[in-house]
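See below for the structure under consideration.
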Amino acid sequence: MNKDKKISLTDAYAVETPDDSIQLYKDWADSYDEDFIAAKGYVGYLNAARYFLDQEDRPPGPVLDVGCGTGVVGISLRDGGIAVVDGIDISQAMLDQARDKKTQNGALAYTHLIQADLTETIAIKSNTYAGIVSAGTFTHGHLGPESLDELWRVAAPGAVCSIAINAAHFDSQGFASKLSDDVKRNVVTEPDINIADTYTHKLNDVDDEDNQSMIVVCRVV
Ligand SMILES: C[S@@+](CC[C@H](N)C(=O)[O-])C[C@H]1O[C@@H](n2cnc3c(N)ncnc32)[C@H](O)[C@@H]1O
């Protein structure tokens, strides 16, 4: 991609494979916070973190930020009182941005940053995390419902999950039926599904449903 061209949501939604993601975010990592988060008024990460933090009876322990990108979910969780947050992402360029992110108190946001493709089995032991949070990653060409199985696996029994899913994808890509199956299989509890605006102002360059996220809040059984 031409380095001088600004990356847009259209480019992000054109991603089809993990390799496409690596390439896109390699070019976007340096400017993502400014050109996307600030310029578009992206607040999806705040929603996912808030729904997680609002679960007052959540168990103590480390939390995994799935598709952590440049690290804005991690900062929100740490500033909200979570002591240990690990981040996982396929893009080393995005992880390099997350590595420098700090809390309001000047501590590093993340304890461990893990480079891995979440469409495959990841090198994390089962039952490791007391919480799973994700924003902006279950979207066009990124992660589909099948990747949820690895999240359920690395989460310990009772772990709280707060996973933002692009609303345009929720039914059409099979998230609703996957969650329903996983409840029936007794893998996760019946989720609360909360609709939230992903941006402070409606974006006109994407479909209406792309402006919203379904924040899935459930527990791993
Ligand atoms: C739109 S960014 C969201 C980043 C951050 N969570 C936020 O809310 O700003 C999507 C992230 O998903 C990551 N990603 C895409 N495909 C992935 C995969 N197969 N495995 C792991 N991470 C992936 C990208 O590298 C990127 O950092």
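Which parts of the stretch 49-66 would a label at Ala156 reach, counting a residue when its backbone N lies under 17 Å from a point 7 Å out along Cα-to-Cβ? Residues 56-65 fall inside that zone. First check a/c for the stretch 9-219, with a ≥ b ≥ c the square roots of the eigenvalues of its C-alpha gyration tensor; if it is under 1.5, answer rounded, and if not, answer prolate when a/b is larger than b/c or oblate otherwise. Verdict is rounded for the stretch 9-219.
Take a quick pass over the stretch 9-219 and tell me how many lysine pairs come in under 25 angstrom between Cα atoms, counting only ones 8 or more apart or on separate chains.
Details: Lys26/Lys40; Lys26/Lys101; Lys26/Lys102; Lys40/Lys101; Lys40/Lys102; Lys40/Lys202; Lys125/Lys178; Lys125/Lys184.
Total qualifying Lys-Lys pairs in the stretch 9-219 comes to 8.
Radius of gyration over Kirkwood radius for the stretch 181-221, both on Cα atoms: the Rg/Rh ratio is 1.19. Starting from the Cα gyration tensor of the stretch 143-221, take the square roots of the eigenvalues, sort them a ≥ b ≥ c, and report rounded, prolate or oblate (rounded when a/c is under 1.5, otherwise prolate if a/b is larger than b/c, else oblate). Here the stretch 143-221 falls in the prolate category.
So what is the relative contact order of the stretch 67-133, in percent, for Cα pairs below 8 Å that sit 6 or more residues apart?
Numbers: 101 pairs, mean separation 21.9, N = 67.
This gives 33 percent for the stretch 67-133.
Across the chain, C-alpha contacts under 8 Å between residues 6 or more apart give a mean separation that, scaled by the residue count, equals a relative contact order of 22 percent. The packing ranking of peptides 55-65, 209-219, highest mean first, is 209-219, 55-65, where packing means the average number of other beta carbon atoms within 10 angstrom of each residue. Over the residues of the chain, the helix contribution to mean residue ellipticity at 222 nm works out to -7500 deg cm²/dmol, using -39500 (n - 2.57) for each DSSP H run of at least 4. DSSP beta bridges fully contained in the chain are about 50 percent antiparallel. This model, with +1 at the C-beta of Lys and Arg and -1 at the C-beta of Asp and Glu, gives the chain a dipole about its Cα centre of some 680 debye.
FYI, it's all coordinate maths here, none of it is from the lab. Quick caveat: nothing in here was measured; it's all calculated off a predicted structure. Using ideal geometry, Cβ is built from the backbone for each residue, glycine included, and neighbour counts are taken over all protein chains shown.
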